[in-house]
Amino acid sequence: MNTKVTIAGVEFKNPVMTASGTFGSGMEYGEFVDLNRLGAVVTKGVANVPWPGNPTPRVAETYGGMLNAIGLQNPGIDVFIERDIPFLKQYDTKIIVNVCGKSVEDYCEVVEKLGDQPVDMLEINVSCPNVKEGAIAFGQKADALFNITKEIKKYAKQPVIMKLSPNVTDITEMAKAAEAAGADALSLINTITGMKIDVHRRKFAIANKTGGLSGPAIKPVAVRMVYQVANAVQIPIIGMGGIANAEDALEFILAGATAVSIGAMNFVNPYTTVETVDGIESYMKRYGIEDINTLIGAVK
Amino acid sequence: MAQKKKLTAKVISQANIAPDIYDMWIETELALGAKAGQFICIYTKERSTLLPRPISICEVNAERTALRVVYRVVGAGTNEFSSYTAGTSVEILGTLGNGFPIEAGQDKSVVLFGGGIGIPPMLQTAKEIEGDVHAFLGYRDNQLFLAEEFKQYATLHIATEDGSVGTKGNVLDALKESGIKPDVIMACGPMPMLRAIKKCAEELDIPAYISLEEHMACGVGACLGCVCKTKEKDHHSHVHNARICTDGPVFEAKEVEI
């Protein structure tokens, strides 16, 4: 039975990854799960300098999901290189570093610093809805996405994944722009912009007013977008959005994702990642599937 | 440090001890390594409310086989918990957070402050400290949940907002009235109370350990939802944002900006 998948020449032992921002750099969840069992750890977004993030409250629960507006708090690339990469190198899993920035130069600076680091891929966050500058500003206009992708590709030594926002009219236009600019892969979806108001206090539930909606509530939207994008571009897709178990993961794979990421559900069940790995294997056994690659985009 | 685990435990008993205040004992192996001031996360069975509810540990039994949580019903999650009875299975994650530095109170004059639903974690704290312990508990009215139980471990002082019992006012008014001069303070309660305690400790030039709370998603330090501003750069964030769930919930008051 083969569970290995390949994205831009990088081979993953299985298609299960962690969604950026929900798993730190693996240290915290390493207390619960064996990181060696994951296809990859996708790290929390890192910028050229430390970012303090947004005021609290930063998270709020919603029906079947949650809103967050962390604001990409991160210790900056230098600390990350010194601390987080050596930590992850202890494990037999691939490392995908999520990169954020306020300007094209910021992104390129981080990408350049990662050039000689032992990381397998870069995921470019042009879709965080919770920071005022950068991030989503590059991810909501096809020409801006094209330009930043092209610029980053000039500096990148590792394959580049562009992480797309669902907060657009037509996600396939964005996907095509990234592909045309040379992106090696796409990941989708980032969170959907939302809002919650506490009627008793008559205040916004999170300090940033709006936040990104994630969790099982968004899964059907994410599956639909993965399907659409898979039919619009040739490059591989990492699918995510409310995946809670192997069945959810397989939905994304059947829709056209080569790999999947577990995000908010880590908070609900810290063992979700490895349970999904096990569950995919059981599914393959149950249906006599020899190679997981035969399932990718199998539902037309 | 004991390993953090998510597991299924069993409710031993549940009682409604004041309006909206519930007292639940849970049989679990997590009790073995549990410390005063730590917390557990409890998950709802209802799948539309996904995130764990962080609730402080009120007490650990003598055999260290069970944890007690005393909590206020404030929403869908805690409302569900309040319906649990003996034998109900419950998903919990723990034990989480650092807890109170019990050794800092050893053989000292210790003042414990508990305000409202911040009172429960002070009970196990009172139980563990061997010193001259005074517990100042602040309530809205004469619904003095847990107060009697503190008498086994501490000299009890009560403050009520409506003046129905003890000092009329807050716990600091009660401290003033008592004339007690503490060597160290440990506290849990609403933010205005903690701010006042921070100020008081600065004036007295004594350490105060305060337990903070904030909305959390993961409870284990990964999501960065529950941060608080710190004076010094912490080892993790490098941006003066300590994580309440992991670096706290107990901080020395002078180290945090609240």
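There is no residue in the stretch B:30-37 that is assigned to a strand (DSSP E or B), surrounded by 13 or more Cβ atoms within 10 Å (Cβ to Cβ), out of contact with any His (no Cβ under 9 Å at 6 or more places or on another chain) and modelled with pLDDT of 95 or more.
Of the numbered criteria (1) surrounded by 17 or more Cβ atoms within 10 Å (Cβ to Cβ); (2) among the hydroxyl-bearing types (Ser, Thr, Tyr); (3) assigned by TED's automatic domain parsing to the domain that holds B:LYS181, the one B:SER109 fails is (1). Is the stretch B:17-29 home to any residue that is among the aliphatic types (A, V, I, L, M), within 14 Å of chain A (Cβ to nearest Cβ), touching a residue at least 12 places away in the same chain (Cβ under 8 Å) and in contact with a strand residue (DSSP E or B) (Cβ under 9 Å, 6 or more places away or on another chain)? No, the stretch B:17-29 has no match at all.
One residue alone among B:CYS226, B:CYS200 is at the interface with another protein chain (Cβ under 10 Å from one of its Cβ atoms), over 15 Å from the mean Cα position of the chain (by Cα) and free of Cβ contacts under 8 Å to residues at least 60 places away in the same chain, and that residue is B:CYS226.
For the stretch B:46-64, taking the residues that are touching a helix residue (DSSP H, G or I) at 6+ places or on another chain (Cβ under 8 Å) and touching a residue at least 40 places away in the same chain (Cβ under 8 Å), the one that is nearest to B:GLY189 (Cα to Cα) is identified as B:SER56.
Mind checking whether some residue in the stretch A:104-126 is modelled with pLDDT under 95 and of a type in the set (Lys, Arg)? Scanning the stretch A:104-126, I find no residue that is modelled with pLDDT under 95 and of a type in the set (Lys, Arg), so the answer is no.
Taken over the stretch B:158-210, residues that are in a strand (DSSP E or B) and hydrophobic (A, V, I, L, M, F, W, C) amount to 9.
The number of residues in the stretch B:132-147 that are modelled with pLDDT of 95 or more and out of contact with any Leu (no Cβ under 8 Å at 6 or more places or on another chain) comes to 7. Of all positions in the stretch A:10-17, none carries a residue that is among the charged types (D, E, K, R), within 14 Å of chain B (Cβ to nearest Cβ) and in contact (Cβ under 8 Å) with a residue 12 or more places away in the chain. Checked against (1) buried (at least 20 other Cβ atoms within 10 Å of the Cβ); (2) part of a loop (DSSP other than H, G, I, E, B); (3) touching a strand residue (DSSP E or B) at 6+ places or on another chain (Cβ under 7 Å), A:THR149 meets all criteria but (2).
Restricted to the stretch A:36-124, the set of strands (runs of 3 or more DSSP E) holding at least 1 residues that are facing chain B (nearest Cβ under 9 Å) and without any contact (Cβ under 8 Å) to a residue 24 or more places away in the chain comprises A:59-62.
Within the stretch B:46-60, the residues that satisfy the criterion of being out of contact with any Phe, Trp or Tyr (no Cβ under 9 Å at 6 or more places or on another chain) and either within 14 Å of chain A (Cβ to nearest Cβ) or of a type in the set (Gly, Ala, Ser) (or both) are B:GLU46, B:ARG47.
I need the full set of residues from the stretch B:145-171 which are surrounded by 21 or more Cβ atoms within 10 Å (Cβ to Cβ) and free of Cβ contacts under 8 Å to residues at least 60 places away in the same chain, in order please. Residues satisfying the conditions are B:PHE150, B:ALA154, B:HIS157, B:ALA159, B:THR160, B:GLY166, B:ASN170, B:VAL171.
Evaluation of B:LYS5 against the conditions (1) of a type outside the set (A, V, I, L, M); (2) under 16 Å from A:VAL268 (Cβ atoms); (3) buried (at least 19 other Cβ atoms within 10 Å of the Cβ) shows that the sole unmet condition is (3).
The values are calculated or read from the model by the stated rules, or taken from the named source; none is laboratory data. Model, not experiment: these values are computed from the prediction. Every residue, glycine among them, receives a Cβ derived from its backbone with ideal geometry; neighbour counts consider all protein chains shown.
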